[in-house]
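Colleague: One structure follows; several queries about it will come next.
The values are calculated or read from the model by the stated rules, or taken from the named source; none is laboratory data. These figures come from a predicted structure and were not determined experimentally. Backbone-built Cβ (ideal geometry, glycine too); neighbour counts: all protein chains shown. What goes into the accessible areas is simple: the full protein's heavy atoms, side chains included, and nothing from ligands, DNA or RNA. Shrake-Rupley method; radii C 1.70, N 1.55, O 1.52, S 1.80 Å.
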Amino acid sequence: MQKCHCGKKAIFYRRYEGRYLCKNHFVQSIESKVRKTIAKYRMLKSGDRIAFGISGGKDSTTVLYILNKILKPRRDIEYFAFSIDEGTGEYRKKSIGMAKKTCKELGVEHHVFSFKQFFGKGMKEKMEEVKKQSKGKQTGQYVTEPCTYCSVARRYIINKVTREMKATKICLGHNLDDEVQSILMNYIRGDLMRASRAGPITDYSLEKEKGELFVPRIKPLREIPERETALYAYVKKLNVCYDKCPYVGGMRFFIRDFLNDLEERCPGVKFSILRTFDRMLPAIREIVEKEEGSERLSVCKKCGEPTSGEICKACELWE
Amino acid sequence: MINVTLFYRNEKIKSKVSEGTTIEELLKKLKINRETVLIFKNKEPIPDTYKLKDGDKIEAMLITTRG
């Protein structure tokens, strides 16, 4: 039987550290890592009003659960949670049900916003519409990727509602795997602008005019591998939905598989990519500021939300 | 050789492996990436370095299903 350093039965082998962990030491290590990440990047400050994006999945539920422990005793920080119903049918209904249950148990105020509320239709209707419109057109002439429509609409709603609800920060459940996938995606697409906004806290300081329209995002789980957030949620018996989104696919998932193959061969490689990116981030921001600094910054002519063009992506894809 | 059963994505996979084979090695043989699963024996999580015994019933829970 494999044992933890304390002598108790191990439940997990953390390969990149070469150590076995029992249930208690595993939980402690995750919570301590989250606290360290928050402190290291100064993610929280007195007077903050945090909006937790909770889907009902393992990552967002875990981050809300751990931060609720940290924030509950603090009188100087307010927080609430919200979920987005993309209109993907049973999958989302079930996960939002889990999110509601979690918030009720933790005593956290919870709000639900839907694509239908903002765009008059959900993902199901939108993708049927896209299918009809793209008929006869060649690949590359039309955006058919569901994740593009979904992420654009979700980002739009999240930013708008949290700003209107006077949140000072949005807390997301992005784990190490999500972060590293995004780093590689930005690299592959050559999107330095987006790369410059990545990191533990989304930084729009480069775009000063837009700064006030964007609510900064914090990611306290960015140094926790996906497998470990899943194990944490399991051992803490959190209400988590493990169902799969019916539209899941796209480049992110090829990169996810590639990174998992790489991690299997070279344990710790995801951390190496993250650390290297974090070291390069100031240089990336400097390049972007030099090259893109003069780019005209504006608000969308249709909806008034921030954009780098005349019309924002949400209006372009959803109207 | 020993007989082991792996439950993975609603499938029951029976395998014959040599004594001392670890779960990690079994996953490799079945082309399942260990980074994508959590391992359970009798509903309790266990390390993937666990050495399989004859008759073991192991569950590999897929965790990369988000969207």
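Colleague: Would you check which residues across the stretch A:75-134 are charged (D, E, K, R) and in a loop (DSSP other than H, G, I, E, B) and list them?
Modeller: A:Arg75, A:Asp76, A:Glu86, A:Glu109, A:Lys121
Colleague: Out of all the residues in the stretch A:57-64, is one or more touching a helix residue (DSSP H, G or I) at 6+ places or on another chain (Cβ under 9 Å), away from every other protein chain (no Cβ under 14 Å) and open to solvent by less than 10 Å² (accessible area, probe 1.4 Å)?
Modeller: yes
Colleague: Among the residues of the stretch A:38-48, is there at least one that is in contact (Cβ under 8 Å) with a residue 12 or more places away in the chain, among the β-branched types (Val, Ile, Thr) and part of a helix (DSSP H, G or I)?
Modeller: yes
Colleague: For B:Lys28, which of the numbered conditions (1) more than 7 Å from chain A (Cβ to nearest Cβ); (2) part of a loop (DSSP other than H, G, I, E, B) fails to hold?
Modeller: Exception for B:Lys28: condition (2).
Colleague: May I pose another question? Mind counting the residues in the stretch A:10-47 that are small (Gly, Ala, Ser) and under 29 Å from B:Glu24 (Cβ atoms)?
Modeller: Residues in the stretch A:10-47 being small (Gly, Ala, Ser) and under 29 Å from B:Glu24 (Cβ atoms): 4 in total.
Colleague: Ok, one more. Going by what's in this entry, would A:Leu172 be described as surrounded by 17 or more Cβ atoms within 10 Å (Cβ to Cβ), farther than 22 Å from A:Met98 by Cβ and at pLDDT 85 or above?
Modeller: No.
Colleague: Another question, if that's okay. Quick one: in the stretch A:221-244, which of the residues that are open to solvent by 20 Å² or more (accessible area, probe 1.4 Å), in a loop (DSSP other than H, G, I, E, B) and at the interface with chain B (Cβ under 9 Å from one of its Cβ atoms) is modelled with the lowest pLDDT?
Modeller: Only one residue tops the list, namely A:Lys244.
Colleague: If B:Thr21 satisfies all but one of (1) in contact (Cβ under 8 Å) with a residue 12 or more places away in the chain; (2) within 14 Å of another protein chain (Cβ to nearest Cβ); (3) farther than 18 Å from A:Pro225 by Cα, what's the number of the condition it fails?
Modeller: Every listed condition holds for B:Thr21 apart from (2).
Colleague: Inside the stretch A:147-179, can you point out the residues that are part of a helix (DSSP H, G or I), polar (S, T, N, Q) and closer than 23 Å to A:Thr62 by Cα?
Modeller: Matches in the stretch A:147-179: A:Ser151, A:Asn159, A:Thr162.
Colleague: Please note which helices (runs of 4 or more DSSP H) are completely contained in the stretch A:250-319 and include at least 2 residues that are β-branched (Val, Ile, Thr).
Modeller: Helices (runs of 4 or more DSSP H) meeting the threshold: A:269-292.
Colleague: Given the criteria in contact (Cβ under 8 Å) with a residue 40 or more places away in the chain and farther than 18 Å from A:Leu238 by Cβ, does A:Ala51 qualify?
Modeller: For A:Ala51, the condition - in contact (Cβ under 8 Å) with a residue 40 or more places away in the chain and farther than 18 Å from A:Leu238 by Cβ - is met.
Colleague: Sticking with this one: Looking at A:Gly304, A:Gly268, A:Gly249, A:Gly309, can you tell me which residue is under 30 Å from B:Pro45 (Cα atoms), more than 18 Å from the chain's Cα centre (by Cα) and open to solvent by less than 40 Å² (accessible area, probe 1.4 Å)?
Modeller: A:Gly268
Colleague: Across the stretch B:36-67, which residue is farthest from the other protein chains (Cβ to nearest Cβ) among those that are acidic (Asp, Glu) and outside any loop (DSSP other than H, G, I, E, B)?
Modeller: Restricting to residues being acidic (Asp, Glu) and outside any loop (DSSP other than H, G, I, E, B), the top hit is B:Glu59.
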